[in-house]
Amino acid sequence: MTVAFALRRSRTLLRTTSYSRCYSTPSTVSILGKKYPIDSTTNVTAAIVDKVGRNLYMDPSHPLGILHSLISSHFHDFNSMTGLPPVVTPAQNFDDLGFPPDHPGRAVTDSYYINRDHLLRTHTSAHEVETFARGERKWLLSADVYRRDEIDASHYPVFHQMEGARVFAAGTAGRAELEADNARLAAHLARSPIVIEDVPHLSPTNPAQPAHDPAHAALVAQNLKLSLNALMLTLFGDRAGAGEGVPLRVRWIEAYFPFTSPSYEVEVFFRGKWLEILGCGVVQQQTLDRANVPDNVSWAFGLGLERIAMILFSIPDIRLFWSQDPRFTSQFTAGQITTFKPYSKYPACYKDVSFWLEQNSAGLHDNDFCDLVRDTVGDLAEDVVLIDSFTHPKTNKSSKCYRVNYCSMDRSLSNDEVNAIHARVVTSLVEKFGVEIR
Ligand code: PHE
């Protein structure tokens, strides 16, 4: 798939330019061949749009593809969907799922907006309504998702999620199907080396929805739990490192999502630590009503492929997934979970930048700085930390100091090279945010 920009400036210049803040801005952003007019909401950067269409999870010998195939074959009778375009509306991503108007996920500091009517999906749940509306009853949907975030070893603004859902009829036929499937799954789990720390299916703080019969909702929640416990066995059983004969430990925790109730999070005890694996719950009835399949009940889950792949393949830095270095890519084989062999750790080199923000300026969010760094130096920044922030008591000006740790995954950077790329970050910061370097 192609990603192109409506170019008025040279591509090199655009690469270091956030659309909304450059001086002579292009008037459109082009994603997957479609042009979108920009407006004052636009905050997507060229570095992010460049990632659209890479579809790492579709490569069967990439760790994300290997994990994707493993999960798809676990749910072998679910329809596994891929390749849905990442541009969605705020209605799809938020409103249709019951996100309140003031939910922080909607903020321009947290999500990548193409313009006020379009954003890059922040989760695969954005496709729930359309998928239910197509009449899918057992489905998986995998996709790239986008969130503005800090820079460190486990955060990257593009990552991959897999959503899964199963729909049951609301009446007695649905109840019979649930009871039979729950008995089958419970028998499988009873024979397996797994210890589950459960929470009640329903509780006053994690209730059934008013539209649901609590007994029916409890059966759906139980089916969700049994299905996901079985998935945890497929992914982590025998690999938990606890040793021969030691069962896998899975822990269920009450959670909250605007689009499910009851809701849960699942954690797995892996190599001595509890790790958060996924979020899930019984789908809000309004989602199914909106999809025109009202007489049904469904569960859904969403999991992040990178987080699980980092654990299973022992991949220490999330940037590695994007590496095209054969020393990374050639290590993996379709269908196999193998331990990543680090080829080298190149020296890191940090540089600080301290500055005054313009008086009365709207401020500079940490995510603005991180996007500026990514857009200027790509994956050469290993992490970014705000090391100092204060407001001058007399002038009322605020000051910030960020430390950027530069480290390439593929080669050594010379001090001169780091000085040069850091100078570009500083120049870009002055140009786009009008800061005064201290
Ligand atoms: N979309 C949620 C997230 O990104 C995960 C989720 C999916 C939770 C489906 C419940 C049901 O965190």
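Taking each residue as 0.36 nm, the span from D152 to S330 lengthens on full extension beyond its C-alpha to C-alpha distance by 61.6 nm. Ordering I151, I71, I196 from the fewest to the most neighbouring beta carbons within 10 Å gives I196, I71, I151. When the chain is described by a simple charge dipole with +1 on each Lys and Arg Cβ and -1 on each Asp and Glu Cβ, the residue from Q209, V353, L120 located farthest towards its positive end is V353. For S314, the residues 5 or more places off, or on other chains, whose built amide H falls under 5 Å of its own are F340. Fewest-first ordering of C370, C280 by other beta carbons within 10 Å of each residue's beta carbon gives C370, C280. Between W274 and W322, the modelled label-to-label distance comes to 3.2 nm, taking each label 7 Å out from Cα in the direction of the beta carbon. Comparing mean-square fluctuations of V282, V425, V195 from a GNM of the chain with C-alpha springs under 10 Å, the top value falls on V195.
Among I253, I318, sorting on how many other beta-carbon atoms sit within 10 Å of each Cβ, with the fewest leading, yields I253, I318.
Amide H contacts under 5 Å for I194: L248, restricted to partners 5 or more places along the chain or on a different chain, H placed in the peptide plane at 1.01 Å from N. For the pair S27 and S69, label points projected 7 Å from Cα toward Cβ lie 4.8 nm apart.
Among R121, R327, R319, the largest mean-square fluctuation in a Gaussian network model of the chain, built with springs joining Cα atoms closer than 10 Å, belongs to R327.
Here the chain is assigned +1 on the Cβ of each Lys and Arg and -1 on the Cβ of each Asp and Glu. Its dipole about the Cα centre then comes out at about 900 debye. In the chain, helices alone account for a calculated mean residue ellipticity at 222 nm of -8000 deg cm²/dmol, with every DSSP H run of four or more residues adding -39,500 (n - 2.57). A simple rule links phi to the HN-Hα coupling: the Karplus curve 6.51 cos²θ - 1.76 cosθ + 1.60 with θ = phi - 60°, which for segment 38-44 gives 8, 8, 5, 7, 3, 9, 5 Hz, with x for Gly and Pro. Lysine pairs in the chain whose alpha-carbon atoms fall under 28 angstrom of each other, counting only those eight or more residues apart or on distinct chains, come to 18. Across the options A309, Q222, S61, the greatest Cα extent toward the positive end of the charge dipole of the chain (unit charges at beta carbon of Lys, Arg, Asp, Glu) belongs to S61. The slack in the chain from T427 to N405, taken as 0.36 nm per residue of separation less the alpha-carbon distance, amounts to 6.2 nm. Spacing of the modelled spin labels on K34 and A211, each 7 Å from Cα toward Cβ, amounts to 2.7 nm.
A short reminder: the numbers here are calculations on the coordinates, not readings from a lab. In this text, all values refer to a predicted model and were calculated from it rather than measured experimentally. No Cβ is skipped: glycine too gets one built from the backbone with ideal geometry, and neighbour counts run over all protein chains shown.
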